[in-house]
Amino acid sequence: MRIGELARRSGVSERSLRYYEAQGLLRAERTPGGHRDYGEWAVDRVVRIQTLYAAGLNSKKIAQLLPCMRDGDGRPNEIATPRLVEELAAERDRINRLIGDLVRSRDVLDEVIDTASESAADDRAPLAARP
């Protein structure tokens, strides 16, 4: 498929797809006319790249991860090294810490909302009903 179709099917701009290719995250064959030609596997690859970016990983880390991920044929592209496995585990731990921080922030916000809701309800009560 051409770059425009990949962009449409993956929901990612053509500019981003070119960037992914420049960073070594995505590869394309070239037609005799020089146009990029992607296999069906590329849609899943782009979705994975987007997910990894959303998780806070940079392109360098994503480039290390992608060879270990399964493409459309179900097999990993390469065998991971023990060091890469350690780095991946550390990245997962970092994400878990971020999730914990977000949960704590949400809990504090819930408390603030509850307090603000009670205060707003008190302000709407008739003067005679206020403590």
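Residue count for the stretch 7-54 under the criterion of being acidic (Asp, Glu) and under 24 Å from ILE95 (Cα atoms): the result is 1.
Can you name every residue in the stretch 10-36 that is assigned to a helix (DSSP H, G or I), among the aliphatic types (A, V, I, L, M) and touching a residue at least 24 places away in the same chain (Cβ under 8 Å)?
Of everything in the stretch 10-36, just one residue is assigned to a helix (DSSP H, G or I), among the aliphatic types (A, V, I, L, M) and touching a residue at least 24 places away in the same chain (Cβ under 8 Å), namely LEU17.
Suppose we filter VAL103, VAL108, VAL46, VAL85 for residues that are touching a helix residue (DSSP H, G or I) at 6+ places or on another chain (Cβ under 8 Å) and either surrounded by 15 or more Cβ atoms within 10 Å (Cβ to Cβ) or in a helix (DSSP H, G or I) (or both); which single one remains? The conditions single out VAL46.
Report yes if GLY39 is part of a loop (DSSP other than H, G, I, E, B) and either exposed (fewer than 14 other Cβ atoms within 10 Å of the Cβ) or assigned by TED's automatic domain parsing to the domain that holds GLU87 (or both), otherwise no. Considered against the rule, which asks whether it is part of a loop (DSSP other than H, G, I, E, B) and either exposed (fewer than 14 other Cβ atoms within 10 Å of the Cβ) or assigned by TED's automatic domain parsing to the domain that holds GLU87 (or both), GLY39 comes out as no. Of the residues VAL85, VAL108, VAL112, VAL12, the single one that is within 19 Å of the chain's Cα centre (by Cα), on the phi < 0 side of the Ramachandran plot and hydrophobic (A, V, I, L, M, F, W, C) is VAL12. Taking the conditions (1) part of a helix (DSSP H, G or I); (2) in the same structural domain as GLY11 (by TED's automatic domain parsing); (3) modelled with pLDDT of 80 or more in turn, PRO67 satisfies each one other than (3).
The values are calculated or read from the model by the stated rules, or taken from the named source; none is laboratory data. Bear in mind the structure is a predicted one, so any value in this text is a computation, not a measurement. Here Cβ is always computed from backbone atoms with ideal geometry, including for glycine, and neighbour counts include all displayed protein chains.
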